[in-house]
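**Q** I'd like to ask you about the structure that follows.
The values are calculated or read from the model by the stated rules, or taken from the named source; none is laboratory data. This one's a predicted model, so the numbers in the text were calculated from it and none came from an experiment. Glycine also receives a Cβ, built like all others from the backbone with ideal geometry; neighbour counts cover every protein chain displayed.
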Amino acid sequence: MRRLLAILATAALLSACTSPTDTPADDPTASPSSAPSPTETAPPDPGPTPEVGECHDLSLRQAVAVVGRTAPVACRRAHTAQTYFVGRLDLTTKSGFTRRVDSRAAQRQMSRACTTRLPRHLGRTPRELRLSMVRAVWFSPSPARAEAGADWFRCDVVAVAGPGKLLRLPRRTKGWAGPAMCATAAPGARGFRRVTCGATHSWRALATVDIPGRRLPARGVVAARMDPVCRDVAAGATDDPLDLTWSQESPTREQWDAGQRYGICWVPA
């Protein structure tokens, strides 16, 4: 037994001390040793940058998603959005801190840039666009793409056809008039739905009234401000001065917070 243990110990010692150079040259299984090469990590992909003039076939849900990028489609095909401006996000604060791409500050930057450029793209005034179903929507890279270096934002023009649905756009939207705003019932009525005036409707929007102030005034204050304007609009839309019908739509709290600082005057179609 002692001899067996001594033999095993000697074999273990020889095995531990053997180096690759000790391997017989005629051993077909021998191979030179080499140090493992370091694993190379591919740099993160920021993805492609959008281009002005691209078209997209978006659903209404996709149009309000804000963050992300959809693949463009040929403008000769059916599409519901077209890119009219591409800008660069400024995500660095004065103190050197980097904001998230989905931060409120980034959203304000995109909102301001896209809404101010849409009237220019369509050749219409901001007040005229209030009475249309045309809207500006904007998109930014995903947070992962932004961390990889993507700093673009994209402005698209869309037109709402009705509840939950976008209208198909023409191949070229530069200078496009867009559909006017109508409704299926009077504002506040149970069946009220905004639709294009090309669809079945019973009311149409004819004017807007600015509402000043930083906070949304009480409903009675808004109504008193809108009443004379809407009355005059209704009088101009009828041949019978004794039969005046109109409806006022004041902004909701949500609309006011989103930047709508005006009410809308409606008359029967």
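**Q** Touching a Leu at 6+ places or on another chain (Cβ under 9 Å), in the same structural domain as residue 168 (by TED's automatic domain parsing) and either among the hydrophobic types (A, V, I, L, M, F, W, C) or modelled with pLDDT of 75 or more (or both): does that describe residue 70?
**A** On the way: touching a Leu at 6+ places or on another chain (Cβ under 9 Å): yes; in the same structural domain as residue 168 (by TED's automatic domain parsing): yes; either among the hydrophobic types (A, V, I, L, M, F, W, C) or modelled with pLDDT of 75 or more (or both): yes.
Here the answer is yes, as residue 70 does meet what is asked.
**Q** Pick from the stretch 71-121 the residues that are of a type in the set (A, V, I, L, M, F, W, C) and in a loop (DSSP other than H, G, I, E, B): which of them is nearest to residue 133 (Cα to Cα)?
**A** First, the residues of the stretch 71-121 that are of a type in the set (A, V, I, L, M, F, W, C): 71, 73-75, 78, 81, 85-86, 89, 91, 97, 101, 105-106, 110, 113-114, 118.
Then keep just the ones that are in a loop (DSSP other than H, G, I, E, B); that gives 71, 74-75, 78, 89, 91, 97, 101.
Values: 71: 24, 74: 24, 75: 21, 78: 19, 89: 27, 91: 32, 97: 39, 101: 28 Å.
If we take residues in the stretch 71-121 being of a type in the set (A, V, I, L, M, F, W, C) and in a loop (DSSP other than H, G, I, E, B), then 78 is nearest to residue 133 (Cα to Cα).
**Q** For residue 134, are the conditions met, namely being aliphatic (A, V, I, L, M), farther than 24 Å from residue 238 by Cα and modelled with pLDDT of 95 or more?
**A** Working: aliphatic (A, V, I, L, M): yes; farther than 24 Å from residue 238 by Cα: yes; modelled with pLDDT of 95 or more: yes.
Yes, satisfied.
**Q** Does the stretch 209-216 contain at least one residue that is at positive phi, out of contact with any Pro (no Cβ under 9 Å at 6 or more places or on another chain) and not assigned by TED's automatic domain parsing to the domain that holds residue 129?
**A** Yes, there is a match, as at least one residue in the stretch 209-216 is at positive phi, out of contact with any Pro (no Cβ under 9 Å at 6 or more places or on another chain) and not assigned by TED's automatic domain parsing to the domain that holds residue 129.
**Q** Let me ask something else about it. Among the residues in the stretch 140-154, are any more than 21 Å from residue 267 (Cα to Cα), touching a Phe, Trp or Tyr at 6+ places or on another chain (Cβ under 6 Å), buried (at least 16 other Cβ atoms within 10 Å of the Cβ) and at pLDDT below 95?
**A** Yes, some residue in the stretch 140-154 is more than 21 Å from residue 267 (Cα to Cα), touching a Phe, Trp or Tyr at 6+ places or on another chain (Cβ under 6 Å), buried (at least 16 other Cβ atoms within 10 Å of the Cβ) and at pLDDT below 95.
**Q** Still on this structure, I have one more. Any idea which residue in the stretch 203-224 is farthest from residue 265 (Cα to Cα), counting only those that are in contact (Cβ under 8 Å) with a residue 24 or more places away in the chain and part of a helix (DSSP H, G or I)?
**A** Result: 219.
**Q** Return yes when residue 173 is in contact with a strand residue (DSSP E or B) (Cβ under 7 Å, 6 or more places away or on another chain) and closer than 19 Å to residue 80 by Cβ and no when it is not.
**A** Numbers: in contact with a strand residue (DSSP E or B) (Cβ under 7 Å, 6 or more places away or on another chain): yes; closer than 19 Å to residue 80 by Cβ: yes.
Yes.
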